[in-house]
Each structure stands twice: as C-alpha cells, then as structure tokens.
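The values are calculated or read from the model by the stated rules, or taken from the named source; none is laboratory data. Quick caveat: nothing in here was measured; it's all calculated off a predicted structure. Using ideal geometry, Cβ is built from the backbone for each residue, glycine included, and neighbour counts are taken over all protein chains shown.
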Amino acid sequence: MQHRIIVLGAGYTGAVAAGRLARRLHRDDVAITLVNDEPDFVERVRLHQLAVGQGLKPRPLGEMFAGTGVEPRLAKVTGVDVDRKAVAVVDANGDAEELEYDTLVYALGSGWNDQGVPGAAEHAHEIASRPGALRLRDRLADLGAGRPVVVVGGGLTGLEAATEIAEARPDPAVALVTRGGLGDWLSDKGRGHLRKVFGKLDITVHEHAAVTGVEADRVTTADGKDIPAAVTVWTTGFAVHPIARATALEVTDTGLIVVDGTMRSVSHPDVYAVGDAAMAVGPGGKPLRMSCASGIPAAWQAADAIAARLTGGKLPNTPIRYVNQCVSLGRGEGLIQYVTADDRAVNAALTGRLAALYKEVVCKGAAWGVANPTLGLPVRRRRVVREATRTDPAVETSA
Ligand SMILES: Cc1cc2nc3c(=O)[nH]c(=O)nc-3n(C[C@H](O)[C@H](O)[C@H](O)COP(=O)(O)OP(=O)(O)OC[C@H]3O[C@@H](n4cnc5c(N)ncnc54)[C@H](O)[C@@H]3O)c2cc1C
C-alpha cells in the first residue's frame, strides 16, 4: 500500500513542498497528488507587472512535474474533512469527487482582503489573484489619459503596484493612500529612496489616511476627504480562503491553520500547513508574515519533516529567518531593505538599478525553484517505514 500524500495548492509553497517530497521519498512507497484550481503555476509576486500589461511566462504544472513522481490534479478544493481524511474537489467539468489521504499538506494561499470597507468589493480592483490582475489590466488599458488611479494600502504590494502603474502609464495620475507614513517601517535610507522614486514618478501620497468608502469614481477617507479615483486598486493585505475555518482544524481568528515548528497542525498530526494559509511562529516569537520569503523555507521544513516521520529519519530543525525585504519600484528601480531575523529594518539598504536587478534575480530564483521541483537538491529517496514500526524521529541537531 502506498502512503497517499495530497498537497492542496500549487503556488509557491505547495509546489515546492510536493517537489521536495518527491525528492525525499521512494516512488514505490508514496503517491503524491498536487491539487490546484489553475492548470499552471502563477508567479504571484509578479501580478502587479501582469496588471500593467507585462506577460508572465507560462508554466504548465503538467510539464513542470512530468516524470517527477508528483501527479498534478486540476480541480477546485471545496472542503476538507480532517476526521475522515478526505478532500472534496470539483473538476473542470463540474464533477465532484472525494480524495482520501494519509498525509495532507494544505497550501491554498490567500486572496485579497477588502477589510469589509463599503464599496471595496464592488468597485475596487485586486491583484492578489491572476483573474484580478487581468481585470485590472483590461481596465487600465481602457482608461483615458490623465484619469486618476488610486492605490489603497502602503505595504509592500501597494508600493510595488503604485510605482509599476505610474511607470507604465505615460500620463501619471497615480495616488497612494496609506494609513501610516510612506514606508515608515523602513530604514532612513530606504524611506528616503522611496520618497525620491515616488517623487520622480509623480505619485501623490496621502499619508495617515484610512479609506472608509469606495465608489465608482472616488475613495473617501476617515476625515471625510474625497480622492478622485477612476480606478481603485486595493492592496491592504491578504485574507485566507474559508476552507480551513470550516474544518475541525485549530485555526486562528482569521482562519490560519495553527502549526508547530515542523509546520504540522497542532490539532491534527496528519495535516501540515504552509505559506499564507498557516500560522507558524518565527524568530522572536512573531508569526511568520504572508510571503514567499518565509513560505518557501516553511515548505522545505514541512516536506523534510513529513519525510523524516515516514522514514524514521531525523526531523529538520532549521530556524526560518528573514534577511531582506525586496521591493520592485517599477522595472528600473528597486529597494532591498536588510532586516533582522524577525523582519525589522536595519540601517542598510540597497537602492536603484542594482536593487531592481537583485529583486529580478530573487523572483527568477523563486520561480526556478518551483519550475524545477526536483533539481538542485540531492536525491535521497528513502523507504517509508510501515506505520506499526514507526517511532517518533529525533530532531536533527545540525541546521
Ligand atoms: C502583487 C504581489 C506581490 C508580492 N510580492 C512579494 C514579494 O516580493 N516577496 C514575497 O516574499 N512575497 C510577495 N508576495 C506574497 C506572496 O506572493 C505570497 O505570500 C505567496 O504567493 C504565498 O504562497 P502560497 O503557496 O501560500 O500561496 P499561493 O502562491 O497563492 O498559492 C496558492 C495556490 O492554491 C491555489 N488555490 C487556491 N484556492 C484553491 C482551491 N479552492 N482549490 C484548488 N486550488 C486552490 C491557487 O490557484 C494557487 O495556485 C506578493 C503578493 C502579491 C499579490
């Protein structure tokens, strides 16, 4: 009997976890299925680029995983029964099916978060998903010269979206609305550079302003100001899909699956969660933020832990830490803000064209790691130990 591993979601973390599991476990002993609702891998970190008309390289999952031992499955996950160990899916023809697992890796990621602000769901555009980015692309393509575009949210995604749109449009009328100050978590150098680039691109910044309403032609802030907006782009963070919350898994108030240091559910040991869908504690006791920067190492950790537990090897014990925040500011400008292990800015930053190149290399590297799931890692396909004889593995001492 093969051990059935189902990975839900073929984004950055699910695809990486599936590929690594295939590299770690003997093919005769496991059946690895990777369920995704899109036929190809979507480079989510480039969706602001897609929104301004740049093309994304097609990466069909079938080609990526051909011959790897991972079976991609095009289907939408509609529910998970963690007590019966079954996943409900609906395929492209609308046919429903149930898939049974022995081990589940939940990596369904996140979508946009309209924070319940009135009018946002109806009038604002999102770039957390490919369909959302494509809708924005069509809208921007139709938009007349000089018509105002407002980006709501001053986090990393908002900064990248505002600069990308301003650079791409010949008639910049782009504004950014942020609750805090522009880049207020960055170092002095980082913040200064950000202001310089925003100035060069002629982006109007509304700081210390909370958007409380969105209409077809404006956004309204808490102090009653109307900001004209022919297009509103909403980037105030991500929210997870409601599927985990509807299960018996232990989740946070916001629906994230609570996991331990090996990314294993604290309530259901057969379930692992990684990426945006998981609540894992990182350095300094702080939750890992929704990012590839920590999601990909978490996926490695989960895959290695699953393999160790199945084969009787040693559990991984590699601390996940942050190194930098890489921000694109259009195609020719960037900002690499170096950070502490727990993601606080230090007084060092790389800026300008070199930073843009650095960010490009990081994005390419992340996509390469996903697109070549079984390369770059030594093959150590170990045999699965039968459940009856399995003991809890020791923790690996070397990082
Ligand atoms: C514009 C933008 C820029 C970003 N820039 C950066 C950056 O520079 N650095 C960084 O670290 N992070 C960045 N992020 C965040 C990063 O993209 C996410 O943290 C990362 O994608 C999370 O990986 P994941 O595998 O958890 O989820 P995802 O990459 O979102 O993958 C989830 C997968 O699950 C699939 N799925 C979802 N629901 C279902 C379902 N019901 N059934 C089947 N399949 C489903 C999706 O199609 C997708 O393939 C950015 C995000 C955006 C939107």
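Please count how many residues of region 276-300 are in contact with a strand residue (DSSP E or B) (Cβ under 6 Å, 6 or more places away or on another chain) and charged (D, E, K, R).
1
Looking at ILE32 and the list (1) more than 15 Å from the ligand (Cβ to nearest atom); (2) modelled with pLDDT of 95 or more; (3) surrounded by fewer than 17 Cβ atoms within 10 Å (Cβ to Cβ), which single condition is not satisfied?
With (1) more than 15 Å from the ligand (Cβ to nearest atom); (2) modelled with pLDDT of 95 or more; (3) surrounded by fewer than 17 Cβ atoms within 10 Å (Cβ to Cβ) applied to ILE32, the lone miss is (3).
Hey, VAL77 hits all of (1) closer than 30 Å to ALA209 by Cα; (2) in contact with a Leu (Cβ under 9 Å, 6 or more places away or on another chain); (3) within 10 Å of the ligand (Cβ to nearest atom) but one; which does it fall short on?
With (1) closer than 30 Å to ALA209 by Cα; (2) in contact with a Leu (Cβ under 9 Å, 6 or more places away or on another chain); (3) within 10 Å of the ligand (Cβ to nearest atom) applied to VAL77, the lone miss is (1).
Taking the stated definitions as given, is ALA216 farther than 24 Å from GLN325 by Cβ, over 27 Å from the mean Cα position of the chain (by Cα), surrounded by fewer than 17 Cβ atoms within 10 Å (Cβ to Cβ) and at pLDDT 95 or above?
Yes.
Whether any residue in region 256-269 is under 19 Å from GLY369 (Cβ atoms), out of contact with any Cys (no Cβ under 8 Å at 6 or more places or on another chain) and in the same structural domain as ASP83 (by TED's automatic domain parsing) is what I want to check.
Yes, region 256-269 has at least one match.
Quickly run through region 278-310 and pick out the residues that are in contact with a helix residue (DSSP H, G or I) (Cβ under 8 Å, 6 or more places away or on another chain) and in a helix (DSSP H, G or I).
CYS292, GLY295, ILE296, ALA298, ALA299, TRP300, ALA302, ALA303, ASP304, ILE306, ALA307
Between a first residue in region 301-318 that is farther than 21 Å from TYR106 by Cβ and a second residue that is among the acidic types (Asp, Glu), which pairs have beta carbons less than 8 Å apart while being 6 or more apart in sequence or on different chains?
Here the result reads LYS314/GLU396; ASN317/GLU396, each pair linking region 301-318 to a residue that is among the acidic types (Asp, Glu).
Here are some conditions: (1) surrounded by fewer than 19 Cβ atoms within 10 Å (Cβ to Cβ); (2) on the phi < 0 side of the Ramachandran plot; (3) modelled with pLDDT of 95 or more. ILE165 meets all but one. Which one does it not meet?
Evaluating ILE165 over (1) surrounded by fewer than 19 Cβ atoms within 10 Å (Cβ to Cβ); (2) on the phi < 0 side of the Ramachandran plot; (3) modelled with pLDDT of 95 or more leaves (1) as the failure.
All but one of (1) surrounded by 21 or more Cβ atoms within 10 Å (Cβ to Cβ); (2) in a loop (DSSP other than H, G, I, E, B); (3) among the basic types (Lys, Arg) hold for ARG20; state the number of the condition that does not hold.
Here ARG20 clears every test but (2).
Residue by residue, here is whether (1) closer than 16 Å to GLY158 by Cα; (2) of a type in the set (S, T, N, Q); (3) not in a strand (DSSP E or B) holds:
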{"site": "GLY181", "(1), (2), (3)": "yes, no, yes"}
{"site": "TRP185", "(1), (2), (3)": "yes, no, yes"}
{"site": "ARG191", "(1), (2), (3)": "yes, no, yes"}
{"site": "LYS196", "(1), (2), (3)": "no, no, yes"}
{"site": "HIS208", "(1), (2), (3)": "yes, no, yes"}
{"site": "VAL214", "(1), (2), (3)": "no, no, no"}
{"site": "VAL219", "(1), (2), (3)": "yes, no, no"}
{"site": "ASP223", "(1), (2), (3)": "no, no, yes"}
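From the list LEU375, LEU350, which one is at pLDDT 95 or above, more than 19 Å from PRO283 (Cβ to Cβ) and more than 14 Å from the ligand (Cβ to nearest atom)?
Just one listed residue meets the conditions, LEU350.
Determine if region 59-72 includes at least one residue that is over 18 Å from the mean Cα position of the chain (by Cα) and of a type in the set (D, E, K, R).
Within region 59-72, one or more residues are over 18 Å from the mean Cα position of the chain (by Cα) and of a type in the set (D, E, K, R).
Kindly list the number of the only condition in (1) away from the ligand (no atom under 14 Å from the Cβ); (2) of a type in the set (Gly, Ala, Ser); (3) within 14 Å of the chain's Cα centre (by Cα) that fails for GLY332.
Checking GLY332 against (1) away from the ligand (no atom under 14 Å from the Cβ); (2) of a type in the set (Gly, Ala, Ser); (3) within 14 Å of the chain's Cα centre (by Cα), the one that fails is (3).
Assess whether ASP91 counts as being free of Cβ contacts under 8 Å to residues at least 40 places away in the same chain, in contact with a helix residue (DSSP H, G or I) (Cβ under 9 Å, 6 or more places away or on another chain) and under 27 Å from GLU126 (Cα atoms).
no
Take VAL240 and decide whether it is under 22 Å from GLY132 (Cβ atoms), within 12 Å of the ligand (Cβ to nearest atom) and at pLDDT 95 or above.
yes
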